[in-house]
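Please read the structure below before turning to the comments.
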Amino acid sequence: MPINLYILLAVVLFCIGVVGVLTRRNAIIIFMCIELMLNAVNLLLVAFSKMHNYAMMKEGIATGGSDGQLFVFFIMVVAAAEVSVGLAIIVMMYRNVHSVDINFLNRLKH
Amino acid sequence: MNNVFQIAYWIPLLPLIGFLINGLGRKQLSKSLIGIIGSGVVLGAFALSIAVFLQVKSGNTAALHYFDFIKVGNLSIPFEFKIDQLTSLFLLIITGVGFLIHVYSTAYMHEEKTEHFGRYFAYLNLFIFSMLLLVLGGNFVVMFIGWEGVGLCSYLLIGFWFKNQEYNKAANKAFIMNRIGDLAFLIALFWMAAKLDSVSFDTVFSQASLAKLSSLDITVITLLLFVGATGKSAQIPLFTWLPDAMAGPTPVSALIHAATMVTAGIYMIARSNALYSLAHLTNDVIMYIGLATAILAATIALKQNDIKKVLAYSTVSQLGFMFLALGTGAYTAAVFHVMTHAFFKALMFLGSGSVIHAMGGEQDIRKMGGLGKKLKWTFFTFGVGCVAIAGIPPFSGFFSKDAILLSAFQKNPALYVVALFAALLTAFYMFRLLFITFTGKFRGSHEQEHHLHESPPAMLLPLIILAVLSIVGGLVGIPDVIMHGGDKLGAFLSPVIPVHEGHHVEASTEYMLMGISTGLVLVMIIAAMYIYKNFTPTETKGFGKVLENKWYVDELYDRVIVKPLHWFAGFLNNIFERVIIDGLVNGVGKLVNYGGRQMRLLQSGQTGTYVLLMVVSMVIIFALQFFLRKG
Amino acid sequence: MEIIEILFGILAFLAIFSALMVVVSKNPVHSVLWLIVTFFAISGHYILLNAQFLAIVNIIVYAGAIMVLFLFVIMLINLNRETAPQKNRWLKMAGGVAGGCLLLVLVAAFKEVGMAEKQKAVVNVGDIGLIKSLGKELFTKYLVPFEISSVLFLSAMVGAVVIGKKE
């Protein structure tokens, strides 16, 4: 498959995630959109890793490009940790303001 | 190099040391010590000046280079002295007359507190130092340092009794008027430096440099220098400070405002004769301004009632004569008149000081009269001064004034007539002063009459010396027609100032001119004697009123310059400052305030807005990165 | 048109559509479910790219663990619709416009750079995506980051507990 299509797909997914973050006010959905953006990047990384692998194979190196996939693995690890903490924060927020609407989180003003 | 020239720097340095000692120790030193130091340093300078003069007279001159004062690019201004005939002559006048006035001051100022007495002598010494620097300077910058120094001392001494607000105003007036001239001097200096990369006399006046200057350059430089001279030497239009400067102690008037400082402009132009002889337009300007000043001041002096004011206007008038001589190219005559004027005007000022001293501070001649009986020496010496300034042969004023009148005649007989008229007025008002003050009946109060006394010897001695000088001082410049080779001064100065070549005047004509002027002067004196011998004060009317009010020149300046300036300042203060400057300043504040208030709304504290802004910024950055970075 | 291209097209459409549904759904639970669909589509892409390990991990970690966590939280706070009424409509519009602009700029930039058309991500070929080869890399070259990630997990766990703890 041409790499162009993967890039396009990843960009579109990423931008949908951005729009979600910008338009929704529910903290949980915003959080999910962030996950979506992470996954778009993951997809792109894997596609590039395969592209790289293909280019290296022509030079006789079979394992080229595996770094990209390991990166994705680590991103998932970090994402899992992030989600656990992030959700804890959302719960905490709900406990304090009885809402997960980020418009209630305007304490930054003060 | 001669030994005398090697120690020539002590001439200005001695008064400077005196200034430092008297200035710093004015509270510790006793009055007599201050007087001895103050006079002693000037006497030392005088002795050195005599040595220098003798050296110069035997034909040696010197250019002394001490250190580099300013060195920028091509422009190099060393701190240098130039000692030649002109300088040595001025050195003698300054230190000689200065010394006499110092001695006189020790008695005249004796009633001041020790502290002020010390301050007074410190100023006087500083003045002598500055004046010596002015005449010793080997380039225009060193001259300018002295030029400014004397202006400063003049200010300090006019405002010596600073508790009187009027005196302070007079001091300010003198200083500010001088500044106007100084500005022109500075511009001329810059012009010169820009065109020639040098301000040294030797370089500027060399043929090579003069050839480099266009006639426009020369005209502008000379005119600007002349404006500088009008400030310092009290010519139209900057002369009104000099009469006001009489607020200072009388010896100061004698030293600064008669004998030395006011002649700085004449010295400067005489020094720059190489430039001026090329600038015909400037010469005409100088000539007419000098003549106009001479007439104007002489007419004012006719009706003044303050003894010092009469002398002040007389000084302005005499300075006008000197400028007339400069304008006609008779530089030697101008310098000659500077010298004789220094003698007789210092004499008369000191004499008037003696009168004022005797009258207990009274300066109005209407309240004097008949003083000749009590103040015999003062009367006698003052009379000598009057005769000298009136121009009766063989007193000094005759020769110098005659030289000026002759040069005017050579230029244009009409000039001669006007100048002669001014000279006659001079004789008239001087004798008016003499007769009103010293003859007739005493018109003051009883206490004053009781108080009348002859001045102490320390004051009389300078008077007598100056009187002798006023009598014989003119003998160094006897015209050729009377005695061949009698013009010793002209011969002495000839290396610096080329001999003046005017239209040749027949010996008989010259005799006739002398005869006319002398005869008319005698007529004037007799007329003054008849009118004022038994003077009783009367109200002046008509034209006399105009003269008494000094042609309303001060009022004119007030109306034409000061009032519009005040109005303009008021306009700037009320309109420009309030609306534009304040508007600008406050506008910046308001704009920032308003901007801040609007920007504050961005800081909603809402995360959504922040993220939105972040994305927008990202878009902008990407766009810039990819699309605007081509090439 | 090869089978792979058809599959890619279907998966891409599915991914984009479900992603859109995540954003537009009113009900958060629906959003979660649509997100899971998105993840499955992405996992499908991984399989197409012969990255089997990541495909499985993606399903297990994301679609399985993380999304379940989201569902738990939604259930926990008993929130199945947006509480407050929609305010600030222009802000929403601005968000949409900004996201669109970002898309536009990125695509345009991508066109501008002109990534060589011939570059390809090989499909079906190459075994770097297999568990065996990735595991080898992970436990040799990336051993230290792997171990450190365990520390990260520990700290995340501690953090979550501390935050979630009642005062």
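Since every read-out is calculated from the coordinates, none of them should be taken as a lab result. Every value quoted in this text rests on a predicted model; they were computed, and no experiment measured them. Ideal geometry is used to build each Cβ from the backbone, glycine not excepted, and the neighbour counts take in all protein chains shown.
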In nanometres, the difference between 0.36 nm per residue of separation and the alpha-carbon distance of residue C:16 and residue C:107 is 31.2 nm
A correct Karplus calculation of ³J(HN,Hα) over the range B:571-584, with 6.51 cos²θ - 1.76 cosθ + 1.60, θ = phi - 60°, whole Hz and x for Gly and Pro, returns 4, 4, 5, 7, 9, 5, 5, 5, 7, 7, 5, 4, x, 5
Taking every residue of B:297-306, the Cβ atoms of other protein chains inside 10 Å of its Cβ average out to 0
Counting lysine pairs in the range B:495-631 that sit 8 or more positions apart or on different chains, with Cα atoms under 26 Å apart, gives 6
Whole-Å distance linking the alpha carbon centroid of the range B:452-500 with that of the range B:105-133 is 26
Going residue by residue through the range A:24-29, the Karplus relation 6.51 cos²θ - 1.76 cosθ + 1.60 with θ = phi - 60° gives ³J(HN,Hα) values, rounded to whole Hz and with x marking Gly or Pro, of 7, 10, 6, 4, 5, 5
Applied in sequence order to the range B:108-113, the curve 6.51 cos²θ - 1.76 cosθ + 1.60 (Karplus, θ = phi - 60°) yields integer Hz couplings, x standing for Gly and Pro, of 5, 9, 5, 7, 5, 5
Residue span residue B:163 to residue B:545: 0.36 nm per residue of separation minus Cα-Cα distance leaves a gain in nm of 134.4 nm
In this structure, among B:173/B:488; B:31/B:232; A:50/C:26; B:163/B:308; B:345/B:367, pairs with alpha-carbon gaps over 30 Å are B:173/B:488; B:31/B:232; A:50/C:26
Simple spin-label estimate for residue B:480/residue B:613, 7 Å along Cα→Cβ, in nm, reads 9.5
Quick calc, residue B:585 & residue A:92: beta-carbon distance into FRET formula, R0 60 Å, rounding 0.05, result 0.75
Inter-part gap, Cα centre of the range B:235-283 to Cα centre of the range C:126-167, in whole angstrom, is 98
Under the 7 Å Cα-to-Cβ spin-label approximation, residue B:71 and residue B:623 lie apart by a distance in nanometres of 6.1
Two pseudo-spin positions, 7 Å from Cα along C-beta at residue B:280 and at residue B:461, lie apart in nanometres by 5.5
Using alpha carbon centers only, the range B:306-369 is separated from the range B:584-615 by a whole-angstrom value of 75
